[in-house]
Amino acid sequence: MAERYEHLILPFVPEEFLRKKRGGGYGYKKVERNKEEFYETEIQTFNEIQEKHKTHKRKYKEYLDPSLIFKINVNQSVSEDGFRTELKRMDIEVISPSPDKNGYWIVFAEDEELEEFEKKLKDYTLRNKYAFFNAIDGISDIPPEEKIGEYLQKEPFKDDEYSYLDVEIWRMDDIKLDSFVKGFKKLIDGKRGKITDAQTTKNFCLLRVRVNKQLYEAILSLREVAHIDRPPKIKLETALNADREELKVGGKPPEDATGVLVVDSGILPGHPLLGDAVGDVFAVSTRYSTKISEDKPYDDVGHGTQVAGVALYGNVHKCIDDRSFNPKIWIFSAKVMFKGEYGEATYDEEELLEHQLEEAVRRIVRDYPNCKVINLSLGDSAKRMYEGRRQFNLAALVDELSKELGVIFVVSAGNNDFDALDNYPDYLLDETTDRAKIINPATSAFALTVGALSRHPTTEVLSGYQEDYPSPITRVGPGYKGMIKPELVEDGGGGFGEELDVITLNPNWIRE
(Lines give C-alpha, C1' and ligand atoms only; values in the text may rest on other atoms or scores of the structure.)
Protein backbone atom coordinates (compact mmCIF):
# COMPACT_ATOMS: atom_id res chain seq x y z
CA MET A 1 0.00 0.00 0.00
CA ALA A 2 1.15 3.52 -0.77
CA GLU A 3 1.78 5.74 2.23
CA ARG A 4 -1.21 7.77 3.36
CA TYR A 5 -0.95 11.28 4.70
CA GLU A 6 -3.53 13.29 6.58
CA HIS A 7 -4.92 16.26 4.74
CA LEU A 8 -4.26 19.73 6.04
CA ILE A 9 -7.07 20.57 8.46
CA LEU A 10 -8.70 23.90 7.74
CA PRO A 11 -10.77 24.87 10.80
CA PHE A 12 -14.09 26.63 10.26
CA VAL A 13 -14.13 30.10 11.73
CA PRO A 14 -17.70 31.07 12.66
CA GLU A 15 -18.28 34.70 11.86
CA GLU A 16 -21.21 36.68 10.59
CA PHE A 17 -20.54 38.88 7.61
CA LEU A 18 -23.02 41.69 7.19
CA ARG A 19 -24.18 42.45 3.69
CA LYS A 20 -22.73 45.64 2.39
CA LYS A 21 -25.35 48.35 2.10
CA ARG A 22 -25.66 49.86 -1.31
CA GLY A 23 -25.06 53.57 -1.67
CA GLY A 24 -27.27 56.04 -3.46
CA GLY A 25 -27.90 55.84 -7.18
CA TYR A 26 -28.40 52.08 -7.21
CA GLY A 27 -24.89 51.50 -5.89
CA TYR A 28 -23.06 53.61 -8.47
CA LYS A 29 -20.86 56.34 -7.07
CA LYS A 30 -21.49 59.86 -8.27
CA VAL A 31 -18.85 61.52 -10.42
CA GLU A 32 -18.21 65.18 -11.09
CA ARG A 33 -18.63 65.83 -14.81
CA ASN A 34 -20.21 68.11 -17.37
CA LYS A 35 -22.98 65.79 -18.52
CA GLU A 36 -23.67 67.64 -21.75
CA GLU A 37 -20.03 67.39 -22.81
CA PHE A 38 -20.02 63.74 -21.76
CA TYR A 39 -23.09 63.06 -23.91
CA GLU A 40 -21.67 64.82 -26.96
CA THR A 41 -18.31 63.05 -26.63
CA GLU A 42 -19.85 59.58 -26.31
CA ILE A 43 -22.23 60.07 -29.25
CA GLN A 44 -19.41 61.36 -31.44
CA THR A 45 -17.16 58.44 -30.45
CA PHE A 46 -19.90 55.93 -31.18
CA ASN A 47 -20.61 57.50 -34.57
CA GLU A 48 -16.93 57.13 -35.48
CA ILE A 49 -16.90 53.48 -34.35
CA GLN A 50 -20.09 52.86 -36.28
CA GLU A 51 -18.67 54.35 -39.52
CA LYS A 52 -15.58 52.11 -39.27
CA HIS A 53 -17.87 49.16 -38.62
CA LYS A 54 -19.93 49.86 -41.73
CA THR A 55 -16.72 50.05 -43.78
CA HIS A 56 -15.68 46.64 -42.44
CA LYS A 57 -19.07 45.14 -43.24
CA ARG A 58 -18.71 46.23 -46.87
CA LYS A 59 -15.09 45.07 -47.06
CA TYR A 60 -15.67 41.57 -45.67
CA LYS A 61 -19.26 40.88 -46.75
CA GLU A 62 -18.05 38.14 -49.12
CA TYR A 63 -16.74 36.15 -46.17
CA LEU A 64 -18.46 37.13 -42.93
CA ASP A 65 -20.73 39.57 -41.16
CA PRO A 66 -18.56 41.59 -38.72
CA SER A 67 -19.90 42.31 -35.25
CA LEU A 68 -19.94 45.72 -33.59
CA ILE A 69 -17.53 45.14 -30.71
CA PHE A 70 -16.03 47.94 -28.62
CA LYS A 71 -14.89 48.59 -25.06
CA ILE A 72 -16.39 50.47 -22.15
CA ASN A 73 -14.09 52.06 -19.59
CA VAL A 74 -15.57 51.53 -16.11
CA ASN A 75 -14.29 53.92 -13.44
CA GLN A 76 -15.37 52.08 -10.28
CA SER A 77 -15.80 48.57 -8.95
CA VAL A 78 -19.23 47.34 -10.01
CA SER A 79 -21.33 44.23 -9.58
CA GLU A 80 -20.66 42.09 -12.63
CA ASP A 81 -24.19 40.67 -12.70
CA GLY A 82 -25.79 44.07 -12.17
CA PHE A 83 -23.63 45.77 -14.79
CA ARG A 84 -24.36 43.02 -17.30
CA THR A 85 -28.09 43.42 -16.67
CA GLU A 86 -27.99 47.17 -17.18
CA LEU A 87 -26.15 46.76 -20.49
CA LYS A 88 -28.46 43.97 -21.60
CA ARG A 89 -31.41 46.35 -21.26
CA MET A 90 -29.70 48.53 -23.84
CA ASP A 91 -29.10 45.59 -26.23
CA ILE A 92 -25.42 45.38 -25.31
CA GLU A 93 -23.89 42.00 -24.40
CA VAL A 94 -20.76 41.67 -22.30
CA ILE A 95 -18.08 39.52 -23.95
CA SER A 96 -15.31 39.98 -21.42
CA PRO A 97 -15.61 41.89 -18.13
CA SER A 98 -12.57 43.50 -16.59
CA PRO A 99 -10.96 41.13 -14.04
CA ASP A 100 -10.94 43.95 -11.49
CA LYS A 101 -14.55 44.97 -12.30
CA ASN A 102 -13.34 48.50 -13.02
CA GLY A 103 -11.26 49.03 -16.16
CA TYR A 104 -12.09 48.02 -19.71
CA TRP A 105 -15.08 45.76 -20.44
CA ILE A 106 -15.39 44.29 -23.94
CA VAL A 107 -18.96 44.38 -25.25
CA PHE A 108 -21.00 43.49 -28.32
CA ALA A 109 -23.87 45.62 -29.62
CA GLU A 110 -26.94 43.59 -30.57
CA ASP A 111 -28.48 46.81 -31.88
CA GLU A 112 -25.87 48.36 -34.16
CA GLU A 113 -27.60 51.72 -33.92
CA LEU A 114 -27.49 51.68 -30.10
CA GLU A 115 -30.83 53.49 -29.95
CA GLU A 116 -31.65 52.46 -26.38
CA PHE A 117 -28.15 53.37 -25.23
CA GLU A 118 -28.44 56.85 -26.77
CA LYS A 119 -31.92 57.35 -25.32
CA LYS A 120 -30.87 56.49 -21.77
CA LEU A 121 -27.68 58.51 -22.07
CA LYS A 122 -29.80 61.53 -23.02
CA ASP A 123 -32.07 60.93 -19.99
CA TYR A 124 -28.98 60.74 -17.80
CA THR A 125 -27.81 64.07 -19.22
CA LEU A 126 -31.07 66.03 -19.19
CA ARG A 127 -33.18 64.38 -16.48
CA ASN A 128 -30.56 63.05 -14.07
CA LYS A 129 -31.80 59.48 -14.58
CA TYR A 130 -29.85 56.21 -14.95
CA ALA A 131 -27.06 56.65 -12.42
CA PHE A 132 -25.54 53.61 -14.12
CA PHE A 133 -23.72 56.03 -16.44
CA ASN A 134 -21.80 57.43 -13.45
CA ALA A 135 -19.71 54.24 -13.62
CA ILE A 136 -18.76 54.79 -17.26
CA ASP A 137 -15.85 56.99 -18.26
CA GLY A 138 -16.53 56.40 -21.91
CA ILE A 139 -16.74 54.01 -24.84
CA SER A 140 -13.91 53.52 -27.31
CA ASP A 141 -12.80 51.43 -30.25
CA ILE A 142 -10.24 48.66 -29.79
CA PRO A 143 -7.16 49.72 -31.75
CA PRO A 144 -5.35 46.93 -33.64
CA GLU A 145 -2.06 47.57 -31.84
CA GLU A 146 -3.65 46.55 -28.51
CA LYS A 147 -4.20 43.05 -29.90
CA ILE A 148 -0.56 42.42 -30.81
CA GLY A 149 1.29 40.05 -28.47
CA GLU A 150 4.80 40.42 -27.09
CA TYR A 151 6.51 38.12 -29.61
CA LEU A 152 5.05 40.08 -32.53
CA GLN A 153 5.99 43.37 -30.90
CA LYS A 154 9.59 42.24 -30.60
CA GLU A 155 9.62 40.66 -34.07
CA PRO A 156 7.10 42.48 -36.30
CA PHE A 157 5.58 40.67 -39.25
CA LYS A 158 7.72 41.21 -42.38
CA ASP A 159 6.40 42.17 -45.81
CA ASP A 160 7.60 38.96 -47.47
CA GLU A 161 6.87 36.70 -44.50
CA TYR A 162 4.61 33.65 -44.43
CA SER A 163 4.33 32.37 -40.84
CA TYR A 164 2.22 30.70 -38.18
CA LEU A 165 0.28 32.83 -35.71
CA ASP A 166 -2.02 32.23 -32.74
CA VAL A 167 -5.32 34.04 -33.22
CA GLU A 168 -7.67 34.33 -30.25
CA ILE A 169 -11.32 35.11 -30.97
CA TRP A 170 -13.49 36.84 -28.37
CA ARG A 171 -15.56 34.15 -26.64
CA MET A 172 -19.03 35.20 -27.78
CA ASP A 173 -22.08 32.97 -27.37
CA ASP A 174 -21.92 29.72 -29.33
CA ILE A 175 -24.18 30.81 -32.19
CA LYS A 176 -22.31 34.05 -32.88
CA LEU A 177 -18.94 32.37 -32.43
CA ASP A 178 -19.73 29.48 -34.79
CA SER A 179 -21.00 31.89 -37.41
CA PHE A 180 -17.90 34.04 -37.21
CA VAL A 181 -15.43 31.13 -37.23
CA LYS A 182 -17.06 29.71 -40.38
CA GLY A 183 -16.72 33.07 -42.10
CA PHE A 184 -13.18 33.51 -40.76
CA LYS A 185 -12.14 30.16 -42.23
CA LYS A 186 -13.63 31.20 -45.53
CA LEU A 187 -11.58 34.42 -45.39
CA ILE A 188 -8.37 32.55 -44.56
CA ASP A 189 -8.87 30.00 -47.34
CA GLY A 190 -9.86 32.69 -49.82
CA LYS A 191 -6.70 34.70 -49.14
CA ARG A 192 -4.32 31.71 -49.49
CA GLY A 193 -3.88 31.18 -45.77
CA LYS A 194 -4.34 28.02 -43.73
CA ILE A 195 -5.86 27.10 -40.37
CA THR A 196 -3.81 24.20 -38.99
CA ASP A 197 -5.39 23.78 -35.56
CA ALA A 198 -8.37 25.08 -33.59
CA GLN A 199 -9.78 24.74 -30.10
CA THR A 200 -12.90 26.12 -28.48
CA THR A 201 -13.67 25.69 -24.77
CA LYS A 202 -16.05 27.35 -22.33
CA ASN A 203 -13.60 30.21 -21.87
CA PHE A 204 -11.77 30.77 -25.14
CA CYS A 205 -11.53 30.17 -28.88
CA LEU A 206 -8.01 29.82 -30.30
CA LEU A 207 -6.79 29.17 -33.84
CA ARG A 208 -3.34 28.42 -35.24
CA VAL A 209 -3.12 29.98 -38.72
CA ARG A 210 -0.47 30.34 -41.42
CA VAL A 211 -0.67 33.68 -43.19
CA ASN A 212 1.19 36.34 -45.19
CA LYS A 213 1.50 40.04 -44.30
CA GLN A 214 -1.67 41.10 -46.12
CA LEU A 215 -3.79 38.47 -44.41
CA TYR A 216 -2.17 39.22 -41.05
CA GLU A 217 -3.25 42.86 -41.33
CA ALA A 218 -6.77 41.83 -42.35
CA ILE A 219 -7.07 39.56 -39.31
CA LEU A 220 -5.76 42.29 -37.04
CA SER A 221 -8.48 44.68 -38.21
CA LEU A 222 -11.36 42.34 -37.28
CA ARG A 223 -13.11 43.35 -34.06
CA GLU A 224 -13.83 39.72 -33.21
CA VAL A 225 -10.09 39.08 -32.90
CA ALA A 226 -9.01 39.55 -29.28
CA HIS A 227 -5.31 38.79 -29.51
CA ILE A 228 -2.74 37.76 -32.10
CA ASP A 229 0.85 36.63 -31.61
CA ARG A 230 3.53 34.28 -32.79
CA PRO A 231 3.30 30.77 -31.26
CA PRO A 232 4.81 30.48 -27.76
CA LYS A 233 8.51 29.82 -27.46
CA ILE A 234 9.88 27.68 -24.69
CA LYS A 235 13.13 27.87 -22.82
CA LEU A 236 13.89 24.85 -20.66
CA GLU A 237 16.84 24.49 -18.34
CA THR A 238 18.53 21.12 -18.10
CA ALA A 239 21.24 19.92 -15.79
CA LEU A 240 23.64 17.00 -15.94
CA ASN A 241 25.14 15.62 -12.78
CA ALA A 242 27.77 13.02 -11.95
CA ASP A 243 28.56 9.99 -14.05
CA ARG A 244 26.38 6.95 -13.70
CA GLU A 245 26.86 5.02 -10.49
CA GLU A 246 25.66 1.66 -9.34
CA LEU A 247 22.48 2.61 -7.52
CA LYS A 248 19.95 0.43 -5.75
CA VAL A 249 16.52 0.73 -7.35
CA GLY A 250 13.41 -0.66 -5.69
CA GLY A 251 10.72 -2.63 -7.45
CA LYS A 252 7.48 -1.48 -8.94
CA PRO A 253 5.21 0.92 -7.05
CA PRO A 254 2.10 -0.56 -5.40
CA GLU A 255 -0.64 -1.31 -7.92
CA ASP A 256 -3.01 1.18 -6.30
CA ALA A 257 -0.42 3.95 -6.06
CA THR A 258 -1.26 7.38 -7.44
CA GLY A 259 -0.07 8.22 -10.94
CA VAL A 260 1.55 11.45 -12.13
CA LEU A 261 1.32 12.53 -15.76
CA VAL A 262 4.33 14.53 -16.96
CA VAL A 263 3.36 16.65 -19.96
CA ASP A 264 6.69 17.52 -21.50
CA SER A 265 9.21 16.24 -24.07
CA GLY A 266 8.62 12.56 -23.24
CA ILE A 267 10.85 10.22 -21.25
CA LEU A 268 13.69 8.04 -22.43
CA PRO A 269 12.92 4.33 -22.85
CA GLY A 270 14.81 1.90 -20.66
CA HIS A 271 16.05 4.45 -18.15
CA PRO A 272 17.22 2.33 -15.19
CA LEU A 273 15.74 4.65 -12.57
CA LEU A 274 12.37 5.05 -14.26
CA GLY A 275 11.66 1.81 -16.08
CA ASP A 276 9.72 -0.18 -13.47
CA ALA A 277 7.66 2.82 -12.40
CA VAL A 278 6.53 3.92 -15.87
CA GLY A 279 2.87 3.17 -16.42
CA ASP A 280 2.55 4.39 -20.01
CA VAL A 281 4.14 6.77 -22.50
CA PHE A 282 2.48 8.37 -25.48
CA ALA A 283 2.90 11.25 -27.89
CA VAL A 284 0.07 13.74 -28.29
CA SER A 285 -0.67 14.94 -31.77
CA THR A 286 -3.96 16.11 -33.17
CA ARG A 287 -4.91 15.42 -36.76
CA TYR A 288 -2.89 18.45 -37.86
CA SER A 289 0.52 17.42 -36.56
CA THR A 290 3.50 16.84 -38.82
CA LYS A 291 6.31 16.93 -36.22
CA ILE A 292 5.19 14.61 -33.40
CA SER A 293 4.73 10.98 -34.27
CA GLU A 294 2.47 8.80 -32.12
CA ASP A 295 4.79 5.84 -32.59
CA LYS A 296 7.76 7.84 -31.22
CA PRO A 297 6.72 9.06 -27.75
CA TYR A 298 10.22 9.19 -26.30
CA ASP A 299 12.40 12.04 -25.06
CA ASP A 300 14.78 13.52 -27.64
CA VAL A 301 15.66 16.57 -25.52
CA GLY A 302 16.22 15.32 -21.96
CA HIS A 303 13.95 17.69 -20.07
CA GLY A 304 10.94 15.38 -19.71
CA THR A 305 13.13 12.57 -18.34
CA GLN A 306 14.59 14.86 -15.68
CA VAL A 307 11.19 16.20 -14.64
CA ALA A 308 9.86 12.65 -14.40
CA GLY A 309 12.73 11.77 -12.06
CA VAL A 310 11.83 14.60 -9.69
CA ALA A 311 8.14 13.68 -9.83
CA LEU A 312 9.01 10.08 -9.00
CA TYR A 313 11.67 10.52 -6.30
CA GLY A 314 11.46 14.08 -5.04
CA ASN A 315 14.91 14.86 -3.64
CA VAL A 316 17.06 13.06 -6.16
CA HIS A 317 20.26 14.32 -4.49
CA LYS A 318 19.30 12.49 -1.31
CA CYS A 319 18.50 9.32 -3.25
CA ILE A 320 21.95 9.48 -4.85
CA ASP A 321 23.64 10.08 -1.50
CA ASP A 322 21.71 7.14 0.00
CA ARG A 323 22.36 5.09 -3.17
CA SER A 324 18.75 4.00 -3.01
CA PHE A 325 15.74 4.74 -5.20
CA ASN A 326 12.36 3.49 -4.03
CA PRO A 327 9.49 4.44 -6.38
CA LYS A 328 6.15 4.94 -4.60
CA ILE A 329 4.07 6.34 -7.48
CA TRP A 330 3.48 5.61 -11.14
CA ILE A 331 4.87 7.86 -13.84
CA PHE A 332 3.01 8.53 -17.10
CA SER A 333 4.40 10.61 -19.93
CA ALA A 334 2.71 12.68 -22.63
CA LYS A 335 5.10 14.04 -25.26
CA VAL A 336 4.06 17.46 -26.59
CA MET A 337 7.53 18.86 -27.39
CA PHE A 338 10.33 17.67 -29.64
CA LYS A 339 13.95 18.49 -30.44
CA GLY A 340 14.28 21.63 -32.52
CA GLU A 341 16.81 22.62 -35.15
CA TYR A 342 19.37 23.74 -32.56
CA GLY A 343 18.76 20.99 -30.03
CA GLU A 344 16.22 22.99 -28.00
CA ALA A 345 12.80 21.78 -26.90
CA THR A 346 10.08 23.22 -29.09
CA TYR A 347 6.41 22.83 -30.01
CA ASP A 348 4.93 21.82 -33.33
CA GLU A 349 4.24 25.07 -35.16
CA GLU A 350 1.01 23.61 -36.56
CA GLU A 351 -0.30 22.48 -33.17
CA LEU A 352 -1.95 24.35 -30.31
CA LEU A 353 -0.40 23.38 -26.97
CA GLU A 354 -3.85 23.92 -25.42
CA HIS A 355 -5.28 21.31 -27.78
CA GLN A 356 -2.50 18.84 -27.01
CA LEU A 357 -2.87 19.30 -23.26
CA GLU A 358 -6.58 18.62 -23.34
CA GLU A 359 -6.06 15.50 -25.48
CA ALA A 360 -3.38 14.22 -23.07
CA VAL A 361 -5.36 14.80 -19.87
CA ARG A 362 -8.60 13.33 -21.18
CA ARG A 363 -6.75 10.27 -22.42
CA ILE A 364 -4.95 9.65 -19.12
CA VAL A 365 -8.15 10.08 -17.06
CA ARG A 366 -10.01 7.71 -19.37
CA ASP A 367 -7.35 4.97 -19.43
CA TYR A 368 -5.76 5.31 -15.97
CA PRO A 369 -8.18 6.43 -13.23
CA ASN A 370 -5.38 6.28 -10.63
CA CYS A 371 -3.51 9.10 -12.41
CA LYS A 372 -4.72 12.14 -10.51
CA VAL A 373 -1.78 14.57 -10.79
CA ILE A 374 -0.68 16.45 -13.92
CA ASN A 375 2.79 18.05 -13.93
CA LEU A 376 3.50 21.06 -16.16
CA SER A 377 7.12 22.21 -15.94
CA LEU A 378 6.73 24.62 -18.83
CA GLY A 379 5.51 28.14 -19.41
CA ASP A 380 5.34 31.12 -21.72
CA SER A 381 7.48 34.00 -20.41
CA ALA A 382 5.77 36.45 -22.78
CA LYS A 383 2.51 36.01 -20.85
CA ARG A 384 3.13 37.43 -17.38
CA MET A 385 0.39 38.18 -14.88
CA TYR A 386 -0.13 41.66 -13.50
CA GLU A 387 -3.00 43.68 -12.09
CA GLY A 388 -5.99 43.98 -14.41
CA ARG A 389 -4.78 41.40 -16.93
CA ARG A 390 -7.21 38.77 -18.16
CA GLN A 391 -6.58 35.09 -17.56
CA PHE A 392 -4.44 33.27 -20.14
CA ASN A 393 -5.96 30.56 -22.31
CA LEU A 394 -3.72 27.69 -21.19
CA ALA A 395 -4.30 28.56 -17.52
CA ALA A 396 -8.05 28.80 -18.16
CA LEU A 397 -7.96 25.34 -19.74
CA VAL A 398 -6.14 23.96 -16.68
CA ASP A 399 -8.98 25.31 -14.53
CA GLU A 400 -11.64 23.81 -16.80
CA LEU A 401 -10.01 20.36 -16.81
CA SER A 402 -9.36 20.45 -13.05
CA LYS A 403 -12.99 21.18 -12.31
CA GLU A 404 -14.48 18.77 -14.83
CA LEU A 405 -12.16 15.79 -14.39
CA GLY A 406 -11.15 16.06 -10.73
CA VAL A 407 -7.39 16.13 -11.32
CA ILE A 408 -4.68 18.26 -9.70
CA PHE A 409 -2.24 20.25 -11.80
CA VAL A 410 1.19 21.08 -10.38
CA VAL A 411 2.74 23.94 -12.32
CA SER A 412 6.12 25.65 -12.19
CA ALA A 413 5.99 29.38 -11.42
CA GLY A 414 8.36 29.80 -14.36
CA ASN A 415 12.07 30.44 -14.84
CA ASN A 416 13.32 34.01 -14.74
CA ASP A 417 16.25 34.66 -17.06
CA PHE A 418 16.67 38.43 -17.10
CA ASP A 419 19.78 40.08 -15.70
CA ALA A 420 19.00 41.05 -12.12
CA LEU A 421 22.34 40.42 -10.44
CA ASP A 422 22.60 43.99 -9.21
CA ASN A 423 19.03 44.18 -7.94
CA TYR A 424 18.41 40.98 -5.98
CA PRO A 425 16.02 40.59 -4.19
CA ASP A 426 14.36 43.98 -4.80
CA TYR A 427 13.01 43.05 -8.23
CA LEU A 428 10.97 40.25 -6.67
CA LEU A 429 9.01 42.85 -4.69
CA ASP A 430 8.86 45.53 -7.37
CA GLU A 431 5.22 46.20 -8.23
CA THR A 432 6.12 48.75 -10.93
CA THR A 433 7.24 46.03 -13.35
CA ASP A 434 5.95 42.62 -14.43
CA ARG A 435 9.37 41.17 -15.32
CA ALA A 436 9.45 38.72 -12.40
CA LYS A 437 5.73 37.91 -12.30
CA ILE A 438 4.43 34.36 -12.70
CA ILE A 439 3.69 33.24 -16.22
CA ASN A 440 1.09 31.23 -18.11
CA PRO A 441 -0.08 28.61 -17.02
CA ALA A 442 1.14 29.19 -13.43
CA THR A 443 -1.70 31.71 -13.09
CA SER A 444 -4.30 28.93 -13.05
CA ALA A 445 -6.69 29.34 -10.11
CA PHE A 446 -7.03 25.62 -9.36
CA ALA A 447 -3.43 24.52 -10.01
CA LEU A 448 -0.77 24.25 -7.30
CA THR A 449 1.89 26.71 -8.42
CA VAL A 450 5.42 26.00 -7.18
CA GLY A 451 8.12 28.63 -6.72
CA ALA A 452 11.84 27.94 -6.26
CA LEU A 453 14.13 28.31 -3.25
CA SER A 454 17.89 28.23 -3.43
CA ARG A 455 19.71 25.21 -2.11
CA HIS A 456 23.30 26.21 -2.89
CA PRO A 457 23.50 30.02 -2.73
CA THR A 458 26.20 31.85 -4.66
CA THR A 459 26.99 34.39 -1.95
CA GLU A 460 30.02 35.62 -3.79
CA VAL A 461 27.78 36.77 -6.61
CA LEU A 462 24.67 38.10 -4.86
CA SER A 463 24.85 40.23 -1.77
CA GLY A 464 22.56 39.04 1.03
CA TYR A 465 21.66 35.83 -0.82
CA GLN A 466 21.27 32.82 1.50
CA GLU A 467 20.13 29.23 1.48
CA ASP A 468 16.33 28.85 1.39
CA TYR A 469 15.95 32.36 0.01
CA PRO A 470 13.94 32.79 -3.19
CA SER A 471 16.03 31.59 -6.10
CA PRO A 472 17.05 34.27 -8.62
CA ILE A 473 15.47 32.09 -11.31
CA THR A 474 12.02 31.99 -9.70
CA ARG A 475 8.97 34.16 -10.29
CA VAL A 476 6.48 35.67 -7.89
CA GLY A 477 2.77 36.47 -7.61
CA PRO A 478 0.14 37.54 -7.00
CA GLY A 479 -1.85 35.64 -9.55
CA TYR A 480 -5.04 36.27 -11.49
CA LYS A 481 -7.37 38.71 -9.66
CA GLY A 482 -4.80 39.03 -6.85
CA MET A 483 -4.80 35.32 -5.93
CA ILE A 484 -2.02 34.11 -3.65
CA LYS A 485 0.61 32.56 -5.92
CA PRO A 486 2.72 30.51 -5.71
CA GLU A 487 1.10 28.34 -3.04
CA LEU A 488 4.16 26.12 -2.58
CA VAL A 489 7.95 26.38 -2.82
CA GLU A 490 10.68 23.80 -3.27
CA ASP A 491 14.43 23.70 -3.82
CA GLY A 492 14.90 25.04 -7.31
CA GLY A 493 18.52 25.97 -7.82
CA GLY A 494 20.41 29.20 -7.47
CA GLY A 495 20.56 30.11 -11.12
CA PHE A 496 23.28 32.23 -12.72
CA GLY A 497 25.46 29.30 -13.64
CA GLU A 498 24.34 26.87 -10.97
CA GLU A 499 22.61 23.62 -11.73
CA LEU A 500 18.87 23.49 -11.23
CA ASP A 501 18.51 21.26 -8.21
CA VAL A 502 14.95 20.31 -9.06
CA ILE A 503 16.17 18.69 -12.29
CA THR A 504 18.87 16.17 -11.53
CA LEU A 505 18.01 12.86 -13.13
CA ASN A 506 20.67 12.39 -15.79
CA PRO A 507 19.06 11.47 -19.14
CA ASN A 508 22.30 9.75 -20.20
CA TRP A 509 21.76 6.92 -17.70
CA ILE A 510 20.39 4.49 -20.24
CA ARG A 511 20.28 0.76 -19.76
CA GLU A 512 22.63 -0.87 -22.24
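Solvent-accessible area of residue 276, probe 1.4 Å, all protein chains present, reported in Å² to the nearest ten, please.
Spelled out: residue 276, probe radius 1.4 Å, area about 80 Å².
In the structure shown, do any of 88/120; 213/339; 248/328 have a Cα-Cα gap over 20 Å, and if so which? Walk me through the numbers on the way to the answer.
Numbers: 88/120 13 Å; 213/339 28 Å; 248/328 15 Å.
Where the Cα-Cα span goes over 20 Å, the pairs concerned are 213/339.
Please list 54-61, 361-368 highest first by mean number of surrounding beta-carbon atoms within 10 Å per residue. All intermediate terms of the calculation are to be shown ahead of the outcome.
Numbers: 54-61: 13.5, 361-368: 16.8.
Top of the packing list down: 361-368, 54-61.
If you count only protein heavy atoms and use a 1.4 Å probe, how large is the accessible surface of residue 221, to the nearest 10 Å²?
30 Å²
What figure in square angstrom, to the nearest 10, would you give for the accessible area of residue 158 with a 1.4 Å probe?
In the full protein context, residue 158 sits at about 100 Å².
Hand me the GluC sites (Glu not before Pro) from the range 282-378 located in a DSSP loop with no more than 10 other Cβ atoms within 10 Å, in residue order please.
Values: sites: 294, 341, 344, 349, 350, 351, 354, 358, 359; in loops: 294, 341, 344, 349, 350, 351.
Loop-located and lightly packed - 341.
How about the range 339-389: which chymotrypsin sites (Phe, Trp or Tyr not before Pro) there are in a DSSP loop, with at most 16 other Cβ atoms within 10 Å of their Cβ? Mind showing how you got there, number by number?
Details: sites: 342, 347, 386; in loops: 342, 347, 386.
Counting only loop positions with at most 16 other Cβ atoms within 10 Å, the chymotrypsin sites (Phe, Trp or Tyr not before Pro) in the range 339-389 are 342, 386.
Counting only the backbone N, which residues of the range 95-132 are under 14 Å from the spot 7 Å out from the Cα of residue 41 toward its beta-carbon?
none
Top to bottom by accessible area (1.4 Å), largest first, where do 196, 125 land?
On the way: 196 5, 125 25 Å².
In descending accessible area the options line up as 125, 196.
Once each part is reduced to its C-alpha centroid, what is the distance from the range 300-336 to the range 148-209 in angstrom?
Here the answer is 38 Å between Cα centres.
For a quick check: with amide H placed at 1.01 Å from N, whose amide H comes under 5 Å from residue 259's, ignoring anything fewer than 5 positions away on the same chain?
The answer is 330, 371, 372, 373.
Order the following by accessible area, largest value first: 86, 51. Probe radius 1.4 Å; ligands, DNA and RNA are ignored.
Numbers: 86 40, 51 105 Å².
In descending accessible area the options line up as 51, 86.
List every residue whose amide H lies under 5 Å from the amide H of residue 103, counting only residues 5 or more places away in sequence or on a different chain, with H placed 1.01 Å from N in the peptide plane.
74, 75, 76
The values are calculated or read from the model by the stated rules, or taken from the named source; none is laboratory data. As the structure is a prediction and not an experimental result, all values here were calculated from the model. Reconstructed Cβ throughout: ideal geometry from the backbone, glycine too, with neighbour counts over all protein chains shown. Please note that ligands, DNA and RNA were not included when accessible areas were found on the heavy atoms of the full protein model with its side chains. Shrake-Rupley method; radii C 1.70, N 1.55, O 1.52, S 1.80 Å.
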